[in-house]
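Data first, discussion second: the structure below is written as structure tokens.
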Amino acid sequence: MIYGLSIAQILDDSTKLVYGTKTVRYILEDDILNNGKTFYNPDTTLNDFHLFDFNYRNGLLYQDLGNIGTAIKPLFFQPSDEIGKQLGFSTYGAYALDARKTKYYNTKSPYTNVYYVQSGGGTGRMQFTHSQNIQPRLNATLDMVRLSSSKQYGAPKTREDRLVDSWAVMFHTNYESKDGKYIILANYNHFNHAPIEQGGIKPLADTTQFIDVNNLGNYRDYLSKLTSAASRDWRNSVHIYHQYMLSNGFQVYHILDYQKRRDLYTDVTFGSDSAAKAEYYFVSPKNSLDTLSMDLRYRLLENKFGIKGIYRGFAYRLNLRQRLYNLKSDFGDDFRLKLKSETLVGGWANYFFPDSVRRAYAEAEIGSNGNFRLQAEYLSPKIKVGFSQLSVPATILDEKFVSAAYNWEKGLKNTFSNNLYASTDFHKGRFSLFPSANYSLIKNYIYYNQKAQVSQTSVPISIFKVGLGAEYRWRRLLISNQMYFIANSQEQYIRMPKLANNTKIAYEFVYAKVLHINTGVEIYYRSAYKADNYMPLTRQFFLQDQQSVWGTPVADVFADLKISKVRLFFKFAHVNQGFPANGYYVSSTYPGLRRTFFMGFNWPLFD
């Protein structure tokens, strides 16, 4: 049942209009889709307010290129939950606004939220939201994120040199009929991400593969391997979800997705240094070819039609998904994919046990090309146990890629994986424990080898991940630790640290009765491992055997403050630079963030 949205005046004891977080609420598409509509209020807590970047918010469990806004991928193996044919360029998608996680607001007064971050290293991030109801049941919202960062190396010492320039803009709206039978959620999403590709730090001499961490010091003293290379990830998309209730417990719904992408890469000095480029791109450039370029244009139209409702205690959903896509490039017919189609059918069933706090669900989707996804999960306040089985097709660009540097066309099998996972928690007094375990058995794993060429395994890969979270709380003191241990049967194909550990020590107090302060230190550690290198032309991380990364702790100190509605933070990242080493690497030849001071604030306005 969908409940109507309404607008009402909020009055205090003096009959003065009072607006705040309680008069602003939002809903999520997944809740509507699963018949579990829930209203949320904007977050105003201090906990982890200083974690403004995608990677930091996820516990640095992603591998990037050492700076904010750079190419990024999960640190550990993650099975894909999308079995439809994908383009294959995903290294910048984390910085785009996610249409499926859009917050659809209902505001009783105009709501504006400003979140701004600036660093001494040239990083700037501004997130702006403005939302207001046009009518009691119709809302319009504008979300905007502006991100920029500067080079840590390969830049003149006298000025900042831009590394990443990014815009993400979304306009979205939602409407619900007076009787609650019809609801529509819609958004238009624009993403324009333009990074300079540096290729990592250039060795000081031809005889060295990389610079030792104890010699890093001031990163600006070093040059980059690439000096005139740049990428662009440009996207426009439309997403619409709407449903209509035909009778109590029975609804029909439709989801429309249209995506238009353009992906570009240019290296204007490709032919000027044949020896260096042959080493970097693993090819011998033609003397007549001065510029290496790529220009891909991708279109996707997807329609999903379904029915859903409740039957004999089960919430259910059945759907048909039709996908149409094509690909064009500046290489003409040599690198072109004519209009392709694919059809998928799916179903989902959810059961709540009589106590209403335990539930179990099962979900399945099968595609016309032999791809499928099966998943089942049991959830209770104490235990989460699940299983998934997936057959995921190779991406378009895994199967075929054409350029002046790389040219391949391969028949690749679907990647098949079985995945088991479980987690629970224990509480006793001031102590809490959060153990978890994940096991994946993977066949036909697709990877990029030491020459940055696509390849596929012929042997199965077993990955076992054990996690243990622990917390100790005493009055206003919090000590928490999250550890992951990895056992990998085929380290030659997929590289991950054997140990990852995050530690946090924080203390919260109130100063002068009005200023709330949460301050502390966070320590990140990853055991040394030969992390993948990155090829900007194909936007793929690939295997390398020369250089180990991480292997050293990195400490950040922070202070989050709140007075009235305004939140501020101050953060000193990598405060321990110089001890035990002058720097560290996060990807091959890509150093991690140097000692940098950040500050930011959040100011919500409710009228």
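Each reported figure results from applying straightforward, stated rules to the coordinates on display, with no laboratory input. Treat the numbers as computed from the prediction; the structure is a model and nothing was measured. Here the Cβ positions follow ideal geometry from the backbone for every residue, glycine too, while neighbour counts run over all protein chains shown.
Within straight-line reach of K382, meaning a Cα separation under 18 Å, sit the following aspartates and glutamates at least 8 residues removed in sequence or on another chain: D355, D425, E471.
Per-peptide packing, taken as the mean over residues of other Cβ atoms within 10 Å, places 59-66, 490-497, 407-414 in the sequence 59-66, 490-497, 407-414 from highest down. Using just its DSSP H runs of length 4 or more, each adding -39500 (n - 2.57), the chain gives a mean residue ellipticity at 222 nm of -500 deg cm²/dmol after division by all residues.
When the C-alpha to C-alpha distance is required to be over 20 Å, the pairs from K73/K304; K451/K530; K384/K465; K22/K562 that qualify are K73/K304. Pairwise Cα distances in region 386-429 exceed 14 Å for 66 percent of all pairs. Across the alpha-carbon set of region 311-459, the Rg to Rh ratio works out to 1.11, Rh being the Kirkwood radius. Candidate cross-link partners of K513 among the aspartates and glutamates, defined by an alpha-carbon separation under 19 Å and a same-chain spacing of 8 or more, comprise D560. With a threshold of 22 Å on the Cα-Cα distance, the entries K103/K565; K85/K443; K101/K260; K108/K178 are all at or under it. Summing +1 for each Lys or Arg and -1 for each Asp or Glu among the other residues whose beta-carbon sits under 13 angstrom from that of K565 gives +1. Relative to its Kirkwood radius, the Cα radius of gyration of region 21-605 gives an Rg/Rh of 0.95. Rounded to the nearest 20 debye, the dipole magnitude of region 435-548 is 200 debye, with +1 charges on Lys and Arg beta carbons, -1 on Asp and Glu beta carbons, and the Cα centre as origin. Dipole orientation for the chain: of the candidates S489, Y153, L61, L61 has the Cα lying most toward the positive pole (charges on Cβ; Lys, Arg +1; Asp, Glu -1).
Let me check against my output: what whole-number percent is the relative contact order of region 21-605, with C-alpha pairs under 8 Å and at least 6 apart? Don't skip to the answer; put the middle values down first.
Details: 1541 pairs, mean separation 71.0, N = 585.
The value is 12 percent.
Need the C-alpha centroid separation for region 483-546 versus region 159-199, integer Å. Distance between centres, Cα-based: 27 Å.
Taken about its Cα centre, region 21-605 carries a charge dipole of about 1460 debye when Lys and Arg each add +1 at the Cβ and Asp and Glu each add -1 at the Cβ. Taking 14 Å as the straight-line reach from the Cα of K225, the aspartates and glutamates in range (excluding those fewer than 8 positions away in the same chain) are E197, D206, D267, D273, E279. For the chain, the residue among Y104, N189, L593 whose Cα projects farthest onto the positive side of the dipole built from Cβ charges is Y104.
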